Amino acid sequence: MSNMIIVAPMDFVGIAVGRGSGGGNLVTPDPKEVWADSSAADAASISIDLGSARSIDTIFLGHVYGATADAAWTIRGGIAANDEFTIAENAPLRVPDVAGRFESMSHALRFGAAITARYLRIWVAQGAGGPPLMIGRAIVGKAFQPALNREWGSGRKIIDTGSATPLPSGGFGISEGVRKRSFAWTFGDLSEAEVDALEAVALECGETRTVLVVEDPAQTAGLRSRIHYGLFQKLTAFERRNPAQTRWEFTVEQWV
């Protein structure tokens, strides 16, 4: 088990795709605005310019539609060019689902040792027999990861955006929506340096800029369900317990 991570998306100076349509949609907040590949015959490229050399540890492709179990991605990067070193080689594109489930929409997540790069190139390859891929969001960033993780008692809530109205007949008038998660947690023993770093994330994202929260980024069964891309909800004040420790509560609601 790994401690949770919080990632504020870095701004891109440029993003380009090797083929397909809607490449600019990879940087829009709405994950339903997608880049649609035009072929599944071979790998397609996504090239990113961060504008300057940055320290990064997280690369995320969110809302990946249609990826087969054997779909893969390769990530390369560099300071002067996007092929100076390899970050990931032919790794599974889909993060692991809950055991026994295979959902049509997934995510791709690389979280690991920090590297310094300005340019990135991501190759995505659909598996045998799959349709052309569609991807809704690309995120690169440097994660906040607390030394002591979160407190016990954190948990998910299911949100249904539809409505059900009781009818005189005893039934219901139903207006269908979608079902999605929110996740609430508390950091109980933040150091002063961690408070400063976390406050920087909160100031950057607020309640109107997207954020990536991963309960546990380990590539183990159920990672798909532990990933939350969305918005912070009702940011609260942090509480100073003593000169060395701080308590802070957070909630994120998914954007689907």
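The values are calculated or read from the model by the stated rules, or taken from the named source; none is laboratory data. Keep in mind it's a predicted model, so treat the numbers as computed, not measured. Remember, those area values only see protein heavy atoms, side chains included, never the ligands or the DNA or RNA. Shrake-Rupley method; radii C 1.70, N 1.55, O 1.52, S 1.80 Å.
Numerical summary
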quantity: Among S169, S39, S225: highest mean-square fluctuation, GNM of the chain, C-alpha pairs under 10 Å; calculated: S169
quantity: Cα gyration tensor shape for segment 108-158, rounded if a/c is under 1.5, else prolate or oblate; calculated: oblate
quantity: Nearby lysines by direct alpha-carbon distance to K32 (threshold 16 angstrom, same-chain neighbours under 8 apart not counted); calculated: K180
quantity: Accessible surface, 1.4 Å probe, highest first, among residues Y119, Y229; calculated: Y119, Y229
quantity: Percent accessible area from carbon and sulfur atoms, segment 8-139, protein chains only, probe 1.4 Å; calculated: 53 percent
quantity: Translational D in µm²/s for segment 1-131 (Stokes-Einstein at 20 °C, 1.002 mPa s, Kirkwood Rh from C-alpha pairs); calculated: 139 µm²/s
quantity: Helix-derived mean residue ellipticity, 222 nm - over the chain, DSSP H n ≥ 4, -39500 (n - 2.57), to 500; calculated: -2000 deg cm²/dmol
quantity: Residue among I227, I15, I174 with the largest mean-square fluctuation in a Gaussian network model of the chain, springs linking Cα atoms under 10 Å; calculated: I174
quantity: Residue-normalised accessible area of segment 196-245, expressed per residue, 1.4 Å probe, Å²; calculated: 49 Å²
quantity: Rounded Å value of the spacing that divides the Cα centres of segment 139-198 and segment 199-216; calculated: 13 Å
